[in-house]
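Take a look at the structure set out below.
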Amino acid sequence: MTTKYIMHVLSLVVILACIHGTHEVQYTVTNTASTTAGGVRFNQEIGAAYAKQTLKSATQFTWRVFQQNGLADRKKVEKVSLIVEEMDGVAYATNNEIHLNAKYVGSYSGNVKTEITGVLYHEMTHIWQWNGNGQAPGGLIEGIADFVRLKAGYAPLHWVKPGQGQRWDQGYDITAYFLDYCNTLKNGFVAQLNNKMRDGYSSQYFVQLLGKNVDQLWNDYKAQYAN
């Protein structure tokens, strides 16, 4: 097999990847708290192999929810790292890294594997979603991440019930259920909203996509659960 032939084959692989809009994202899992109770529980009940597969599955699912069918639709992310460590909170995503609190893993009461799977879907959404160049409300960004978690089937029992909350952009589960309602009005709404936030943010996006301002939509949503 000649060098020229090998280079020809590699070129075809690159061309085909571009045509299909796919590229291989690398995933790594590092448990820096492996000697702690949470770190041990992570290894025993979740495991690096499962976590890595979940990162991959969450990526594919998020792309489908966002209708990001090609490279041009997505962020350019080559590698996503999960780091299990002792810290505050549950988890956060930054610079294509997901940081998971080992103390939360250790103290969680219930099926920790299912809970962390949902957490990873939420955080992976942050890796791929657009945020209006930082202009979008934080509650909306968190709500979209929980919307993806909801659609993936990992909404935990401790979430509020649909219809609860004081504001549409209150965030997390409250906003996720509101966005789910909006998505029933127009299938693919969340994907289109996310795409609009690639370069900026305006509350008028709701009017453009659904014909009503966001406060009207929130009132309609709340009215469904008034009785």
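The values are calculated or read from the model by the stated rules, or taken from the named source; none is laboratory data. Please read these numbers as outputs of a predicted model, since none were measured by experiment. Glycine also receives a Cβ, built like all others from the backbone with ideal geometry; neighbour counts cover every protein chain displayed. Quick note on the areas: whole protein, heavy atoms, side chains included, nothing else; ligands and nucleic acids left out. Shrake-Rupley method; radii C 1.70, N 1.55, O 1.52, S 1.80 Å.
Below is a table of values for the structure above.
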read-out	value
Subset of segment 159-211 that is under 18 Å from ILE127 (Cα atoms), not in a loop (DSSP other than H, G, I, E, B) and not aliphatic (A, V, I, L, M) - its residue that is most open to solvent (accessible area, probe 1.4 Å)	TYR172
Within segment 126-143, considering residues that are open to solvent by 40 Å² or more (accessible area, probe 1.4 Å) and in contact with a Phe, Trp or Tyr (Cβ under 7 Å, 6 or more places away or on another chain), the one nearest to VAL80 (Cα to Cα)	GLU142
Among (1) open to solvent by 20 Å² or more (accessible area, probe 1.4 Å); (2) touching a Phe, Trp or Tyr at 6+ places or on another chain (Cβ under 7 Å); (3) of a type in the set (D, E, K, R), the one test that ASP146 misses	(1)
Long-range neighbours under 9 Å by Cβ, at least six apart or interchain, first residue in contact (Cβ under 8 Å) with a residue 12 or more places away in the chain and among the charged types (D, E, K, R) within segment 199-227, second in a loop (DSSP other than H, G, I, E, B) and open to solvent by less than 50 Å² (accessible area, probe 1.4 Å)	ASP199/TRP130; ASP215/TRP168; LYS222/GLY163; LYS222/GLY165
Flag if LYS56 is touching a Ser or Thr at 6+ places or on another chain (Cβ under 8 Å) and modelled with pLDDT of 95 or more	no
Residue, most open to solvent (accessible area, probe 1.4 Å), within segment 149-158, restricted to residues that are in a loop (DSSP other than H, G, I, E, B) and either basic (Lys, Arg) or farther than 23 Å from ILE127 by Cβ (or both)	LEU157
Residue ID - least open to solvent (accessible area, probe 1.4 Å), chosen from residues in segment 45-73 that are within 22 Å of PHE147 (Cβ to Cβ) and among the charged types (D, E, K, R)	ASP73
